[in-house]
Amino acid sequence: MIKVYSVEEAREKILKRGKTFSNFTNEGENEKAKIIVRDIVEDVRKRGDKAIKDWTLKLDKVDLDKFELLNEKFEDALFIIDPKLRKALEVAADRIYRFHKSQPITSWMNFDLGGQVGQIIKPIETVGIYIPGGITPLFSSILMTAIPAIIAGTRNLILASPPNTIGTLSNIILATCGIITQFNVNLRLFMIGGAQAIAAMAYGTEQVPKVDKIVGPGNIYVNMAKKEVYGIVGIDGIYGPTEAVIIADETANPSFIAADLIAQAEHDALAVPIVITSSQNLNKSIKKEYELQIRNVERDSIIKKSIENNGGIVLTESIAQSIEISNEFGPEHLTLMIKEPMIFIDKIENAGGIFVGENSFEVLGDYIAGPSHVMPTNGTARFNSALSVNDFIKRISYVNLDKKKALELSEYAEEMAKAESLTGHANASKLRILSFKNEIKGDMLDQ
């Protein structure tokens, strides 16, 4: 059953951000998970592969000595999976590549500030990518994370995903890696899951290379581990349960809305599927469509928990108020199913991604539209963005001033250093002033 809320009720319930870690757990479970993660990370840091072996046996019930799957298995898997699925992977990879190839990441120089100042762009050399496993391995996350890194110029990709019960990974994971290796990148795949995978990539072990940055979604243990190793390596963000807000009006198709709510809810019982609308009639139609469609899906128990506990319909007075509520919430995914949506695009302040109209539904964004589906959750769209090429580069400032400009700026720098009582700074500037003045005088006499 889909619950209907007033704006005030929604703000206190489904639109209220929790105080626990990315809304995954209650506070007690949160603290318990934190202790477990710290123990795992520290154990892997100290004992390396031996710790990974022990934790994999304990948590995944698989006894492994070798964690890496060799690349020839990738190519084999491409011929094992259904040809239609392989074609879908190839089309998705091409669209994701072309989308991210359009993102500007160029170095630049300015010659108007007395010499040269600018910015040099360099790729992050080695990136670790976590691929969630479990009931449904998220092979699409490989495309969504690896391809932007490749475009940025990253040379080495280290992937980690939890092993299945027979001590390997699914053919679809392997085949997707096969698609990625066609981009001529050094890719290595390891059968390691959870916090132990994050620790292995952060610190390096006998088998697992140390990386410079770790990206990708995961459960509470993965996210806590990323937070734990931040500073040793970079991370893309801390991701909570997936979220979708649909802003709809009386012109929207209730069948499509119900389908999109169900699609979002089947990710996880903690997923957040919300409709915000000013239409009373639409509200009734959505509920009716939901009851019809829920009968024909496999993960109905998960969907019902998600929608009943975290989702619902919020009734507002206008589209303007609907957008205001959405901006307050800052959803991961925002779909606009309203008449003339482009009029309202500039009003959207906080969202991981915007999906405009019935043609641009969120499922296409999950797989094949082009942008990465790794997007900010838990309200972090207020300050964070969807994963992009920018997550895999370093911006290095560059300063190469001429002597005349250096003399001029040194005099200002000396005054500022004195004001901060940094006499060493002031002296470094003063020495340059004396030296540059003499050199400039000498140059003038020579002329």
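The values are calculated or read from the model by the stated rules, or taken from the named source; none is laboratory data. These figures come from a predicted structure and were not determined experimentally. Cβ coordinates were reconstructed from backbone atoms using ideal geometry, including for glycine residues, and neighbour counts include every protein chain displayed.
Observations on the structure shown:
- Qualifying residue in region 26-47 (condition: under 30 Å from Lys288 (Cβ atoms) and in a loop (DSSP other than H, G, I, E, B)): no
- Hits in region 15-44 - residues which are under 23 Å from the mean Cα position of the chain (by Cα) and at pLDDT 70 or above: Leu15, Lys16, Arg17, Asn30, Ala33, Lys34, Val37, Arg38, Val41
- Listed here are the helices (runs of 4 or more DSSP H) enclosed by region 200-294 that have at least 1 residues being among the charged types (D, E, K, R) and surrounded by fewer than 21 Cβ atoms within 10 Å (Cβ to Cβ): 220-229, 280-293.
- Hits in region 374-409 (condition: exposed (fewer than 14 other Cβ atoms within 10 Å of the Cβ), hydrophobic (A, V, I, L, M, F, W, C) and in contact (Cβ under 8 Å) with a residue 40 or more places away in the chain): Ile396, Val399
- Of all the criteria given as (1) more than 19 Å from the chain's Cα centre (by Cα); (2) in a strand (DSSP E or B), the one not satisfied by Ile166 is (2).
- Residues in region 167-205 that are in contact (Cβ under 8 Å) with a residue 40 or more places away in the chain and of a type in the set (Ser, Thr, Tyr): Thr168, Thr176, Thr181, Tyr203, Thr205.
- Whichever residue in region 413-441 is charged (D, E, K, R) and not in a loop (DSSP other than H, G, I, E, B) and, among such residues, is farthest from Asp402 (Cα to Cα): Lys418
- Test: residue in region 383-396 that is more than 26 Å from Phe139 (Cβ to Cβ) and of a type in the set (A, V, I, L, M, F, W, C): yes
- Here Gly370 clears all of (1) more than 24 Å from Arg17 (Cα to Cα); (2) surrounded by 18 or more Cβ atoms within 10 Å (Cβ to Cβ); (3) in contact (Cβ under 8 Å) with a residue 60 or more places away in the chain; (4) not basic (Lys, Arg) except the condition numbered (2).
- Residue in region 112-119 that is crowded, with 17+ Cβ neighbours inside 10 Å, touching a strand residue (DSSP E or B) at 6+ places or on another chain (Cβ under 9 Å), assigned by TED's automatic domain parsing to the domain that holds Ile214 and aliphatic (A, V, I, L, M) present: yes
- Within region 147-163, the residues that satisfy the criterion of being touching a residue at least 40 places away in the same chain (Cβ under 8 Å) and in a loop (DSSP other than H, G, I, E, B) are Gly153, Thr154, Pro162, Pro163.
- Output for region 65-92, where each listed residue is within 17 Å of Gly133 (Cα to Cα) and either part of a loop (DSSP other than H, G, I, E, B) or over 29 Å from the mean Cα position of the chain (by Cα) (or both): Phe67
- Beta carbons closer than 9 Å, at least 6 apart along the sequence or on distinct chains, pair a first residue in region 62-74 that is of a type in the set (S, T, N, Q) with a second that is at pLDDT 95 or above and assigned to a strand (DSSP E or B) for Asn71/Leu187; Asn71/Arg188; Asn71/Leu189.
- You will find that of Ile81, Ile131, the residue that is closer than 24 Å to Gly234 by Cα and of a type outside the set (Gly, Ala, Ser) is Ile131 and no other.
- Counting the residues of region 93-146 that are out of contact with any Leu (no Cβ under 9 Å at 6 or more places or on another chain), of a type in the set (Val, Ile, Thr) and in a helix (DSSP H, G or I) gives 0.
- Qualifying residue in region 255-264 (condition: modelled with pLDDT under 95 and either out of contact with any Asp or Glu (no Cβ under 8 Å at 6 or more places or on another chain) or on the phi > 0 side of the Ramachandran plot (or both)): no
- Residue match in region 85-98 (condition: more than 28 Å from Ala200 (Cα to Cα), loosely packed, with under 12 Cβ neighbours inside 10 Å and among the hydroxyl-bearing types (Ser, Thr, Tyr)): no
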